[in-house]
Each structure stands twice: as C-alpha cells, then as structure tokens.
Amino acid sequence: MDWINYHHLLYFWVVAREGSVVRAGEELQLSQPTISGQLAKFEKSLGCKLFRRVGRGLQLTEEGRVLFRYADEIFTIGREMAEAMKGRATGRPLRFTVGVADVLPKLVVYRLLEPACRWEEPIELVCHEGKLDSLLARLAQFDLDVVISEAPASAQTRVRVFNHPLGSCDVSIYGTVQLAKRCRRGFPQSLAESPWLLPTPGTALRRDLERWFDSLGMRPKIVGEFADSGLMKTFGQAGMGLFVGPTVIDAEIRRQYQVETVGRIEGIHFQCYAITVERRLKHPAVLAISNSARGALFSAD
C-alpha cells in the first residue's frame, strides 16, 4: 500500500485554501522555503503538479482540485474525531463553538441555539460574536463549529464553506405606544415623517429596507444607525424612533421592549443561515439547531 504523507497533505491544503505560500506560512508558523520544499516533495511523490502560478498567486491544477476535495473531507473528519474524543475521553460535555454575526437579533440567536442546549448529551456552548468575514475565516481554521448569519457566505468568500438555510420570516415595524398609534393611521405612507432607527449600511436588512423605502417614494428620517440590534431596540423602547425586527419573535420584542407592532412590511424577509465547512450537516448540535429552526421556529410564523 502507498502511504500518503499527512504533513505534506496539510501543507498543500492550507496553501490551496489561502491561495498563497506566504499566507499559509503565517498560519502554519513555518517559513516560505520550508513549505515550498515540502510541496515540491509532495508533488514528486504523487507524480503530478498540484499548483500553477497565476500572476502573484497560485491556482490549483485539475489534479490539485481533486486532491483538495479529498483533503478537505479528511481534515473535516479529523476535526470531528478530535472534538468527539475530547468530550468522550474525559467525560466532559462536548464543546460546541458558535460564531454569531453581530447584526443578528439576540432573541433570534437564543431561539436558534436553545435546542442545542437541550440535546440528549450535555454540551458546553461557546459563542463568539463578530463580523461575518472574520467569523468565516475562523470557521475555515476550525476555530468554530458553525457560523449563524442573516446572510449567506457569498461566492466571493475566500474560504470554502457551505450555506445551510434555516428559515425565513416577515419583518415588522415597532414603536412605543404613542408612536405606533400615530403611525398606524394611513400606514405605510404615515411613516414618511416618523423618526427611524436602522441597521448600519451594508447589512442585508438595511439594503432591503432602502429598496422598500424607494418603492414607496419615501426618504426616511433617520435618527440613528446601529450595528447591534439589541441597542437599536433599546433606543426604540425609549421612544427615539421606529425600528424593525423579525416577526417570528414579535411577542418577545413587544414584551421585552414594551413596544407595539405598527405593521408588517410586504416583500422583506428576515433570513437565517448556518454556515459550515461541511456540505452536509454532521455535528449533532448543528443538526438540532437546523431541525428545530425548520420544524418549529420559522414554520410557526
């Protein structure tokens, strides 16, 4: 039997993922000559070229693309095995590390992750919040088991990941009792002169809202922009302006922030995705999240 050198395979995999020997060296903490030399030995042992140089970067050959698919699966399985052994061998709960896009409402995040905490075997939930791009980079380095986001990873994303839709729901407008009462009359034209609290530009929800405003010929009176949806709702609770939220947590928003629903927005849907390095979901906690979201959370809207 011909045995493959797994150190060489790891070097190849990281270089292919990063698209550069220099960046791979930074991640692996190895010098550029060391990685280049090991790759040359690997190609010689396989009897084929794995990369071709294109400009200042590297591009996989046909043989390299085939090998990368195998390597991706091998290291994904290896990571799952290591995580499983860490929990089983010590008797400790299985560590479940989640990246959460910072634009997601915290109430939605809780509703999504809560089923994983009720899984038949105990888990240790670790949540990291941040921008989607940085979370995807950590996912590709296996620092995270899954990333939960309101937007899918785009085709331009440098790392190889897979989007798994969890569900979608309508979006509703909320405000204090006084503001909501005033805005319900003549909705939605009554919103033109009302103060608005919006997500920061560049987010999926902000883009959808801007298209909706344009369709009504309306220029909203923006009094605040927020990266944190919880902070936006807190300002809305204080009467600073109208804000939007996923209708699937309508009852929780009204109760927690003491606001009322002004109305629903037709044509805008709040969406959630689980993003993983796996084409098929395998981690039991991620499966629990997906099954609950599709079977109960979003289907209830």
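The values are calculated or read from the model by the stated rules, or taken from the named source; none is laboratory data. The structure presented is a predicted model; accordingly, all values stated were derived computationally and were not measured. With ideal geometry, Cβ positions are generated from the backbone for all residues, glycine too; neighbour counts draw on all protein chains shown.
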Checklist entry - Within region 86-103, how many residues turn out to be surrounded by fewer than 21 Cβ atoms within 10 Å (Cβ to Cβ) and at pLDDT 75 or above? => result 4
Checklist entry - Can you tell me which residue in region 121-156 is surrounded by the most Cβ atoms within 10 Å (Cβ to Cβ), limited to those that are farther than 22 Å from Gly78 by Cα and charged (D, E, K, R)? => result Glu150
Checklist entry - Taking region 189-225 as the region of interest, how many residues are surrounded by 13 or more Cβ atoms within 10 Å (Cβ to Cβ), within 19 Å of Phe270 (Cα to Cα) and not charged (D, E, K, R)? => result 11
Item to check | Residue that is surrounded by the fewest Cβ atoms within 10 Å (Cβ to Cβ) [pool: residues in region 50-63 that are assigned to a strand (DSSP E or B) and among the hydrophobic types (A, V, I, L, M, F, W, C)] | outcome: Val54
Checklist entry - Just a yes or no: is a residue in region 64-83 surrounded by 13 or more Cβ atoms within 10 Å (Cβ to Cβ), aliphatic (A, V, I, L, M), in contact (Cβ under 8 Å) with a residue 12 or more places away in the chain and not in a helix (DSSP H, G or I)? => result no
Checklist entry - Is there any pair with a first residue in region 128-149 that is closer than 16 Å to His283 by Cβ and in contact (Cβ under 8 Å) with a residue 12 or more places away in the chain and a second that is aromatic (Phe, Trp, Tyr) and part of a helix (DSSP H, G or I) whose Cβ atoms are under 6 Å apart and which are 6 or more apart or on different chains, and what are they? => result none
Next on the checklist: Anything in region 226-264 that is among the hydrophobic types (A, V, I, L, M, F, W, C), surrounded by 15 or more Cβ atoms within 10 Å (Cβ to Cβ) and assigned to a loop (DSSP other than H, G, I, E, B)? List them, or say none.
Outcome noted: Met240, Val259
Checklist entry - Looking at Phe96, Phe142, which one is touching a helix residue (DSSP H, G or I) at 6+ places or on another chain (Cβ under 7 Å) and more than 30 Å from Tyr257 (Cβ to Cβ)? => result Phe142
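Let's see how each residue does on (1) under 23 Å from Lys181 (Cβ atoms); (2) without any contact (Cβ under 8 Å) to a residue 12 or more places away in the chain; (3) among the small types (Gly, Ala, Ser):
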| residue | (1), (2), (3) |
| --- | --- |
| Leu198 | yes, no, no |
| Pro201 | no, no, no |
| Asp208 | no, no, no |
| Asp228 | no, no, no |
| Asp250 | yes, no, no |
| Gln256 | yes, no, no |
| Glu260 | yes, no, no |
| Arg279 | no, no, no |
| Ser290 | no, no, yes |
